[in-house]
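Undergrad: Structure incoming, see below.
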Amino acid sequence: MPKLVSHPDEVKIISRRFGQGATNIDRYLELGGYEAVKKCMAQGPDWIINEMKASNLRGRGGAGFSTGMKWSFVPKQSAKPKYVLVNGDESEPATCKDHLIFLHDPHAIIEGTIIAGLAIGAKMGFIYLRGEYRYLLEIMERAVADAYERGFLGKNIFGSGNEFEVITQSGAGAYEVGEESALMESLEGKRGVPRIKPPFPAVVGLYGGPTVINNAETIATVPHIIAMGAEAYSAVGTPRNGGTRLFGLSGHVERPGVYELPMGYNLKKMIYEVGGGVRGGRKLKAVVPGGSSTPVLLPEEIDVGMDFDQVGKIGSMLGSGGVVVIDDQTCIVEFALRTITFYQHESCGWCIPCREGTDWLKKSLTRFHAGFGVASDIDNIQYLAENMLGRTFCPLGDAAAMPTAAFVKKFRKEFEDHLDGKPCPFAKHVEMAVV
Amino acid sequence: MSAGDANPERMSVFSPRLAARFDALVKKYPVKRSALVPMLLYAQDEVGYLSDAVIAEVAARIGLTEIDVRSVASYYSMLRFKPAGKFNIQVCTNISCMLRGAYELYERFQDELGVGHKGVTPDGVFSLEEVECIGACCWAPAIQVNYDFHDDLTPDHVPGILKTYRGKAQGAEGTATRA
C-alpha cells in the first residue's frame, strides 16, 4: 500500500480525504461529499463554467490549459451526444498522484465528472484507468456502483430529473493513450494512435460528439473548488495558477512521496525542506521538474516557483508535477538513455519523426554510453531531437525530444567524457533490456 | 460468413463468468466495440494469454474480424500472444525506480529465477519482465506481480516475495488435486 506522507507546508484540498476512509460512500457524504454537485444543479451550467474560469484551475495532466476555458469551448447545441472523459491513464514516468486519488477518494472523481457533465450538457462520462491500475479500477467500480444505488448516477440523479451515466474503462498498457485523442481511439476499441487537430475534441471527440477530456486530478479538484468557492481556491496559488497541486517527489530524495503544495511553491524548498534534501547527504546534480518529458534543471536553476508560468520562463515545464531528484553519483548519459528508451518503447509509430527519431536517439545514446561515441554524435543527438519538435500529431515526439536536447545542452561535458572509448565514470547498467 | 455470424456459445473458451461479464460490459457503451480493449485483458486474465481461440471468440462476440482484433491487441503492452508464468513479475526500471536501485532488484530476480526479460521458469510458476513506469514512482523501486503492487523494495526482499507466491501456487495446486 503506498505510504502517505505529510509536511506542515502542505495545503490539503485534493488530499483532504486521503486516509479518511472516503472510499465508503457514507464516509464520503459525512466528509461533505456530493454537496458540490447539488450546488451546481441549483446554479446551472453558466455559473459552473464561470466558477471554473475564476478559479484559475489549469489542467493537471501537464499542458496547463485553463479548465474553465476548455469547458466553455463545447457547443451548447449539438446533434450528437456530448461526453466527459476522465484521463486516468497516468503513465508519465515520475507521476503517481492519480494513483492516490483513485485509492483514497474515488467519489471525488465521480462527483467532478457529474459536475463537468452538468457544465457542458453531457449525459455520459467515462473514467479511463491504465490497465496496470486494476486494484484501483476495482475501487472505482465499487464507488460507481454505490453512487448508482443511491441515485447519484442514473436516469434521475439526486431526484433532479437530470440523467448522468458513468462508465469505468480499463486500458491495457500504453503511455500514448494518455494523449487525449489517442485516449478516445482506445476507448472506441482501436489502436491508440492520435488524431490530427483541429477539429478539437470539444467539437468532434468521442464517437464524433463534443467531448471534454480532463486529467483525473483536475476532475477531483472540481468539487473542492465549488465547495470552497473559486475566489478562495484561486487565492491559494499564484496569479493565473490557481490552487494546489499534488507534487510527487521521487528519486534521490530523503523523503519521497506525494505532497499537496500551493501552486508556485519554491522548488528548492520543496526538495530540501519538504523532501528532506538529497538522500544520504549527497550533492544535488540535477532535477527533472515535472515528469520525464520536462527539460532537466541544474542546481543553480531550482530557486523557482513551481507554477506553469514560472517554470516555463526558465525553459522547462511544470508538466505532471513529478519532481525527480538526481544526485551527483548519477550518470546523466545513462539517465538520458533510460529516458529515451522509454519514449522509443512507447512511440506508437504513427508519425515518422517520432517513430524514427526516438529510435535513432536510443541507438545513438546506447552506443555513446557503451563508449563507442564519436564527437559528432553529440551534435547529431541535439540535431535529431530539435528536428522532432512540433512535427508530430501528438506531443509524444516533443516529450522525447525536449528532455534529450536539454541533457545534451546542460551536460555537454559529461557527454564528452564518454568519448573515445572512455568508460562511463558511473557505469552500472549499460544494457537496457526493455524491448 | 462474416465474423458476426459465428455462434459464440458453440465454440466458447470463455467461462460462464467471463461470458456474463462480457455481456454486461458490452451493453454499457454507446458503441459495442468500446468493450474490445478491456475485454481482451479480462480474457487474458482468465485464459493466460490471447490464444487463437480467445481472439476468435472476442472477434465473434463483438462482430469484428480476427485481423482487426489482432491489430488492436498488438498495440497494448500488457496483452500477450504467448503464455506467461502463473505469476508474472514486472519490475519497473524507469527513471524514479532506476535511481533507487531497480536494476539491482531486477538482476536479483533474474538470478533467483534463472530467466531473463519475458522468460518463464520451467515449472511455469513465474515469468519475469522489465517494464516501463507503473505509477508507483514515489514508493520506488516498485514491482507488480500480476496486478499486485510491491513497493519500496531492496534486492533482499526478492527471496521472500518469491516464497510467498510459490506458496500460493502450491496452495492452488493442492486445492485442485483435492478437488
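Undergrad: Assuming a ≥ b ≥ c are the square roots of the Cα gyration tensor eigenvalues, decide whether the range A:25-236 counts as rounded (a/c under 1.5), prolate (otherwise, with a/b larger than b/c) or oblate. Intermediate results must be reported in sequence, preceding the final value.
TA: On the way: a/c = 1.31, a/b = 1.16, b/c = 1.14.
Taking the square roots of the gyration eigenvalues as a ≥ b ≥ c, the range A:25-236 is rounded.
Undergrad: For the range A:112-190, rounded, prolate or oblate, judged on the Cα gyration tensor with a ≥ b ≥ c (square roots of eigenvalues), a/c < 1.5 rounded, else prolate if a/b > b/c? It would help to have the intermediate numbers written out before the result.
TA: Details: a/c = 3.02, a/b = 1.59, b/c = 1.90.
Because a/c hits 1.5 or more and a/b fails to exceed b/c, the range A:112-190 counts as oblate.
Undergrad: On to the next question. Shielding of B:67-73 by partners, i.e. mean partner chain Cβ atoms within 10 Å per residue?
TA: Working: counts 0, 2, 1, 0, 2, 7, 2.
What the average comes to for B:67-73 is 2.
Undergrad: Roughly how many Å is it from the Cα centre of the range A:136-192 to that of the range A:361-389, as a whole number?
TA: Here the answer is 42 Å between Cα centres.
Undergrad: Would you rank A:186, A:347 by solvent-accessible area, highest first, keeping every protein chain in place and using a 1.4 Å probe?
TA: Ranked from most to least accessible, the order is A:347, A:186.
Undergrad: Also, I was wondering about something else. Using a 1.4 Å probe on protein heavy atoms only, how many Å² of accessible area do A and B hide from each other, summed over both chains and rounded to 100?
TA: Numbers: alone 17610 and 10260 Å², together 23170 Å².
For chain A against chain B, roughly 4700 Å² becomes buried.
Undergrad: A follow-up question, please. Provide Rg over Rh for the range A:297-423; use the alpha carbon set for both Rg and the Kirkwood Rh (inverse mean inverse pair distance).
TA: On the way: Rg = 14.7 Å, Rh = 15.2 Å.
Radius of gyration relative to Kirkwood radius: 0.97.
Undergrad: Would you jot down the residues in the range B:124-150 that end up with at least 20 Å² less accessible area in the complete protein assembly than in the chain alone, with a 1.4 Å probe?
TA: Buried on complex formation: B:130, B:132, B:133, B:134, B:135, B:137, B:138, B:139, B:144, B:147, B:149.
Undergrad: Just to confirm the number: angle between the C-alpha axis of helix B:158-178 and the first principal axis of chain B, 0 to 90 degrees, nearest 10?
TA: 40 degrees
Undergrad: With Kirkwood's inverse mean 1/r over C-alpha pairs for Rh, give me the Rg to Rh ratio of the protein assembly as shown, two decimals please. Can you show the working numbers first?
TA: Values: Rg = 23.9 Å, Rh = 24.9 Å.
A ratio of 0.96.
Undergrad: When the Karplus curve 6.51 cos²θ - 1.76 cosθ + 1.60 is applied with θ = phi - 60°, which whole-Hz ³J(HN,Hα) does each residue of the range A:216-222 get, with x for Gly and Pro?
TA: Result, ordered by residue: 4, 5, 4, 5, 5, 6, 3 Hz.
Undergrad: What are the aspartates and glutamates whose alpha-carbon lies under 16 Å from the alpha-carbon of residue A:97, with same-chain residues fewer than 8 places away excluded?
TA: Here the aspartates and glutamates satisfying the reach criterion relative to residue A:97 are A:10, A:89, A:105, A:132, A:217, A:260, B:151.
Undergrad: Here is a follow-up. Provide the solvent-accessible area of residue A:76, counting protein heavy atoms only and rolling a 1.4 Å probe, rounded to the nearest 10 Å².
TA: 150 Å²
Undergrad: Need the C-alpha centroid separation for the range B:73-104 versus the range A:1-18, integer Å.
TA: Cα centres, the range B:73-104 to the range A:1-18: 29 Å.
Undergrad: Is there a simple number for the mean count of other chain Cβ atoms within 10 Å of the Cβ of residues in A:184-195, and what is it? Let's see the in-between values first.
TA: Values: counts 0, 2, 6, 7, 7, 16, 8, 7, 4, 1, 0, 0.
Taking the mean over all residues of the peptide, I get 5.
Undergrad: Let me ask another. Not counting ligands, DNA or RNA, and with a 1.4 Å probe, what is residue B:150's accessible surface area in Å² rounded to the nearest 10?
TA: 50 Å²
Undergrad: At what distance in angstrom do the alpha carbon centres of the range B:30-55 and the range A:85-130 lie from each other?
TA: Taking the Cα centre of each part, the range B:30-55 and the range A:85-130 sit 24 Å apart.
Undergrad: To make sure I understand the rule: partners must be lysines, Cα under 21 Å from the Cα of residue A:410, and not fewer than 8 residues away in the same chain. Which ones qualify?
TA: Answer for residue A:410, where 21 Å is the Cα cut-off: A:268, A:283, A:285, A:313, A:362, A:363, A:422, listed by chain and number.
Undergrad: Additional query: What shape does the range A:1-78 take by its C-alpha gyration tensor, where a ≥ b ≥ c are the square roots of the eigenvalues and a/c under 1.5 counts as rounded, a/b above b/c as prolate, and the rest as oblate?
TA: Values: a/c = 2.49, a/b = 1.49, b/c = 1.67.
Oblate, since a/c reaches 1.5 and b/c is not below a/b.
Undergrad: May I ask you to rank A:139, B:134 by accessible area, largest first, using a 1.4 Å probe over the protein chains only? Before the final figure, lay out each step's value.
TA: Values: A:139 25, B:134 5 Å².
My answer, sorted largest first, is A:139, B:134.
Undergrad: Give me the accessible area of residue A:31, 1.4 Å probe, in Å² rounded to the nearest 10.
TA: 40 Å²
Undergrad: Shifting gears a bit: Inverting the mean 1/r over all pairs of different Cα atoms, compute the Kirkwood radius of the range B:22-157 and quote it in Å.
TA: Numbers: mean 1/r = 0.0616 Å⁻¹.
About 16.2 Å, per the Kirkwood formula over Cα pairs.
Undergrad: Something else about it: Among the lysines, which have Cα under 24 Å from the Cα of residue A:123 when same-chain residues fewer than 8 positions away are ignored?
TA: Here the lysines satisfying the reach criterion relative to residue A:123 are A:38, A:39, A:53, A:70, A:76, A:80, A:82, A:155, A:190, B:27, B:28, B:32.
Undergrad: To continue, here is another question. Taking θ as phi - 60°, what are the ³J(HN,Hα) couplings along the range A:240-253 by the Karplus curve (6.51, -1.76, 1.60), each to the nearest whole Hz, with x for Gly and Pro?
TA: Listing the rounded values in order: 6, 9, x, x, 10, 9, 8, 8, x, 9, 9, x, 7, 10 Hz.
The values are calculated or read from the model by the stated rules, or taken from the named source; none is laboratory data. On a predicted model such as this, the values are computed, not experimentally measured, just so you know. We place every Cβ from the backbone using ideal geometry, glycine too, and count neighbours over all the protein chains shown. The protein model used for the area step is the full one, side chains on, heavy atoms only, and it has no ligands, DNA or RNA in it. Shrake-Rupley method; radii C 1.70, N 1.55, O 1.52, S 1.80 Å.
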